[in-house]
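S.K.: Can you keep this structure in mind? I'll have questions shortly.
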Amino acid sequence: MIFRKKHLNFLIICILAIPALIEAASLSRRSFSQDLAAAQAAQDTDQQQASFCLVIDPGHGGKDSGVLFGATLAEKTLTLSLARKLQELIDSDPELNIKVVLTRVEDQDLPLDRRAAIANHHRADLFLSIHFGSYLYPALDSMQIFIADYSSEELEYLSMINESWSLMQSKHLAESREFGRYIEQAVRASGAFAAVNFLKAPIYFLKGASMAAVEVEAGFAPSEENINKLESEDYQWQLAKILLQGIVSFLNKDQEQSQFSPSSEFSPPAEIDRVRENLYGQGTRQEQEQ
Amino acid sequence: MKQFLIIMLALIIVGSGLWVWTELKNPRKLVSRNLLLSKILEENKQREEFFSVQLFFASKMGFSLGVETREVKGEKSSLQQQIRRALAELIKGPTQADLVSTIPVGTKLRGFYLDKNGIGYADFSNEMIKNHPGGSWGELITIYSVVNTVIKNFPQVRQVKLLINGLEVETLRGHLDLRRAFSFNESLLSQQP
Ligand SMILES: [Zn+2]
């Protein structure tokens, strides 16, 4: 084999190229690690910015329309619309430090268990499921606030068969009750509903949630007037603000100086009870305390 | 030959007529027959006797269940038959003006079974889901109207589980967990003055 000048040139090029290649490799490595660091930092600041995570669950969706108000207005539409407004309110105020995630952002099917699973996945602090009901009787605008409920036999059985998923919420009932109380206070203080009921019930989609979890169901008589009201943007914004008040009060409950402190914001319960008494004669409030 | 047959036939007729006549005339047999007759009548009457049930319907006035007491036929029937009759009355709906029905239109009770642990299984037809308006409150009031009606009147039943078409279902309309059995609910009762 004859050593030609062409080969020598190639060898020289190769030798010269080695440092350049090394340089390039290290550069790319550096830029990758820089990217990683930047991402980490972004995530850190994201976490710093949002000290709370709220998962809002617009009830029903897709094939499941939920309750129907009149011929055209479906519960699934109302829940998504209200959830979006609540998200918008929170997102527009960065000082709230609340990161909001919706379990669905469009009209889609979403299995009941998926809803709490999304909240668990995001390690949410709060899970709020939004529903609307159409009640023929009692024909009052009313807000029902539900927290999960387990029977003692059920707890025993679920533990025995190691059904950890459905047991999840049983470890957070105290927080959920507190969260529900703050929502209840905000709803009562708003005066937007003629009746407010705080109830414990075996709500299916709350059972898998491993955080404070509450369902609200705003119930209305299925009148033309109410359907128009429910469809109105103004009314939905009003509902969103009431829920936000409850959420913020709960999150700030330990800060007594907070502007959202319930002691300074809310009317005394006695006054509310008096108003209710005038409306129905007897108290209609159903409370299920342990 | 023909004459002989006629005579035989006449003898049989006369003989049996005499026998019936003496039987009816026998005072001892008459008493026992009347006793038997009255016993049968009595039994039928008792089987038709009524028992009273407290039926839990939704109250129009508040967020609660109200009670309507009704007399239901069949005091002497079995426990499960009695429960079925009580639930049939619940399905019919209330007569009191301040109460509303809690069971969707067209719903039928397919059966009621009681296991040895005191858990009753109330098996309803598909209309229970199909015609239910939905909502957490709506489901709650439907479930407890059944549960409270059964347990209040038949304390042998400790808990009630709802089945649809013989099967366990997750929920009626996506809210309350029907995989569990329910106990009597005290807190949904209307506060009577
Ligand atoms: Zn719903």
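The values are calculated or read from the model by the stated rules, or taken from the named source; none is laboratory data. Everything numeric in this text was worked out from a predicted model, so none of it was measured. FYI the Cβ positions are ideal-geometry reconstructions off the backbone, even for glycines, and counts take in every protein chain you see.
S.K.: Restricting the first residue to segment B:32-57 and requiring it to be more than 19 Å from B:Q80 (Cβ to Cβ), which pairs with a second residue that is among the charged types (D, E, K, R) and modelled with pLDDT of 75 or more meet a Cβ separation below 8 Å and a spacing of at least six or different chains?
M.R.: From residues that are more than 19 Å from B:Q80 (Cβ to Cβ), the pairs are B:F56/B:K152; B:F57/B:E68.
S.K.: Next question. If A:K99 meets every condition in (1) more than 15 Å from the ligand (Cβ to nearest atom); (2) part of a strand (DSSP E or B); (3) out of contact with any Cys (no Cβ under 6 Å at 6 or more places or on another chain) apart from one, which number is that one?
M.R.: A:K99 satisfies every listed condition except (3).
S.K.: Turning to a different aspect of this structure: Among the residues of segment A:53-82, write down those that are away from every other protein chain (no Cβ under 11 Å) and part of a strand (DSSP E or B).
M.R.: Correct list: A:C53, A:L54, A:V55, A:I56, A:D57, A:P58, A:L73.
S.K.: Right, another one. Can you report the number of residues in segment A:202-231 which are away from the ligand (no atom under 14 Å from the Cβ) and over 28 Å from A:C53 (Cα atoms)?
M.R.: 10
S.K.: Does A:P94 fit the bill of being touching a residue at least 40 places away in the same chain (Cβ under 8 Å), more than 11 Å from chain B (Cβ to nearest Cβ) and farther than 24 Å from A:A209 by Cα? First the steps, then the outcome.
M.R.: Details: touching a residue at least 40 places away in the same chain (Cβ under 8 Å): yes; more than 11 Å from chain B (Cβ to nearest Cβ): yes; farther than 24 Å from A:A209 by Cα: yes.
Against the criterion (touching a residue at least 40 places away in the same chain (Cβ under 8 Å), more than 11 Å from chain B (Cβ to nearest Cβ) and farther than 24 Å from A:A209 by Cα), A:P94 qualifies.
S.K.: If only one of A:Q185, A:Q169 is away from the ligand (no atom under 16 Å from the Cβ) and surrounded by fewer than 23 Cβ atoms within 10 Å (Cβ to Cβ), which one is it?
M.R.: A:Q185
S.K.: Looking at segment B:128-146, can you tell me whether even one residue there is among the hydroxyl-bearing types (S, T, Y), part of a helix (DSSP H, G or I), away from every other protein chain (no Cβ under 14 Å) and touching a residue at least 60 places away in the same chain (Cβ under 8 Å)?
M.R.: Scanning segment B:128-146, I find no residue that is among the hydroxyl-bearing types (S, T, Y), part of a helix (DSSP H, G or I), away from every other protein chain (no Cβ under 14 Å) and touching a residue at least 60 places away in the same chain (Cβ under 8 Å), so the answer is no.
S.K.: Every residue in segment B:125-144 that is more than 16 Å from the ligand (Cβ to nearest atom) and surrounded by fewer than 24 Cβ atoms within 10 Å (Cβ to Cβ), please. Spell out how you get there, then give the answer.
M.R.: Narrowing segment B:125-144 to residues more than 16 Å from the ligand (Cβ to nearest atom): B:125-128, B:130-131, B:144.
The answer is B:S125, B:N126, B:E127, B:K130, B:N131.
S.K.: Within segment A:119-141, restricting attention to residues that are within 17 Å of A:I203 (Cβ to Cβ) and within 11 Å of another protein chain (Cβ to nearest Cβ), which residue is nearest to the ligand (Cβ to nearest atom)?
M.R.: Looking at residues that are within 17 Å of A:I203 (Cβ to Cβ) and within 11 Å of another protein chain (Cβ to nearest Cβ), I get A:H131.
S.K.: Report yes if B:E170 is within 16 Å of the ligand (Cβ to nearest atom) and surrounded by fewer than 17 Cβ atoms within 10 Å (Cβ to Cβ), otherwise no. Working first, answer last.
M.R.: Values: within 16 Å of the ligand (Cβ to nearest atom): yes; surrounded by fewer than 17 Cβ atoms within 10 Å (Cβ to Cβ): yes.
Here the answer is yes, as B:E170 does meet what is asked.
S.K.: Against the definition (at negative phi, within 16 Å of the ligand (Cβ to nearest atom) and away from every other protein chain (no Cβ under 11 Å)), how does B:I151 come out, yes or no?
M.R.: No; evaluated as a whole, the condition is false for this residue.
S.K.: Does B:G120 count as in contact (Cβ under 8 Å) with a residue 12 or more places away in the chain, within 20 Å of B:R84 (Cα to Cα), more than 8 Å from chain A (Cβ to nearest Cβ) and loosely packed, with under 15 Cβ neighbours inside 10 Å? I'd like the intermediate steps shown before the answer.
M.R.: Details: in contact (Cβ under 8 Å) with a residue 12 or more places away in the chain: yes; within 20 Å of B:R84 (Cα to Cα): yes; more than 8 Å from chain A (Cβ to nearest Cβ): yes; loosely packed, with under 15 Cβ neighbours inside 10 Å: no.
Criteria not met by B:G120.
S.K.: For the condition closer than 21 Å to A:A74 by Cβ, in contact with a Phe, Trp or Tyr (Cβ under 6 Å, 6 or more places away or on another chain) and part of a loop (DSSP other than H, G, I, E, B), what is the one hit in B:T107, B:T171?
M.R.: Checking each option against the conditions leaves just B:T171.
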